[in-house]
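Written below as structure tokens is the structure these notes are about.
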Amino acid sequence: MERHSLQIMQESKLVFLVCNPEQGSLFLAREKIEFLQSMGLGDRVWVILNRADQALAIPQEGAEEFLGVPVAAKFSDDTFWVRLAEAGASSVVGSGKGKASKLAREFREFSRALILNSRGGGGTPVDEGSMLAVA
């Protein structure tokens, strides 16, 4: 990991590590989490599970147990809308029909939760269900 990346993370309140809920990705994520913990960032690390609705995906609870950190959000596997947005040099949320996709809704909900939590100050960024609190 580059020095400037670590400097930015040390100034940040939260560090989101994105991984897929499959064995190989989770092993790499755990290595990265252990490294971040050794750098004193362990209490700031939260996981985002990408493609969490795949048939062979490890459930959120299993991922949290394996990684030792909570899952802040899960996003669906929606390669159709992602590729369409890429082709149009846009985001899923900003692309025509993609705005109505499940993935776009998940992005908006996550964004709202981050904003609301930043305004509320203090506390944990997740609720008891390990998803970001919206209230």
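Counting only residues that are in a helix (DSSP H, G or I) and modelled with pLDDT under 95, which one in the range 62-83 is surrounded by the most Cβ atoms within 10 Å (Cβ to Cβ)?
Just the residues of the range 62-83 that are in a helix (DSSP H, G or I), to begin with: 62-67, 79-83.
Among the residues that remain, those that are also modelled with pLDDT under 95 are: 79-83.
Details: THR79: 11, PHE80: 12, TRP81: 21, VAL82: 16, ARG83: 11.
Within the range 62-83, the match that is surrounded by the most Cβ atoms within 10 Å (Cβ to Cβ) is TRP81.
Name the residue that is farthest from LYS13 (Cα to Cα), counting only residues in the range 39-65 that are β-branched (Val, Ile, Thr) and under 13 Å from the mean Cα position of the chain (by Cα).
The selected residue is ILE48.
Go through the range 18-38 and give me each residue that's over 11 Å from the mean Cα position of the chain (by Cα) and not in a helix (DSSP H, G or I).
The initial filter retains those residues of the range 18-38 that are over 11 Å from the mean Cα position of the chain (by Cα), namely 21-38.
PRO21, GLU22, listed by residue number.
Taking the stated definitions as given, is SER101 touching a helix residue (DSSP H, G or I) at 6+ places or on another chain (Cβ under 6 Å), free of Cβ contacts under 8 Å to residues at least 24 places away in the same chain and either surrounded by fewer than 19 Cβ atoms within 10 Å (Cβ to Cβ) or small (Gly, Ala, Ser) (or both)?
yes
The values are calculated or read from the model by the stated rules, or taken from the named source; none is laboratory data. These figures come from a predicted structure and were not determined experimentally. Neighbour counts are summed over all protein chains in view; Cβ atoms, including those assigned to glycine, are modelled from backbone coordinates with ideal geometry.
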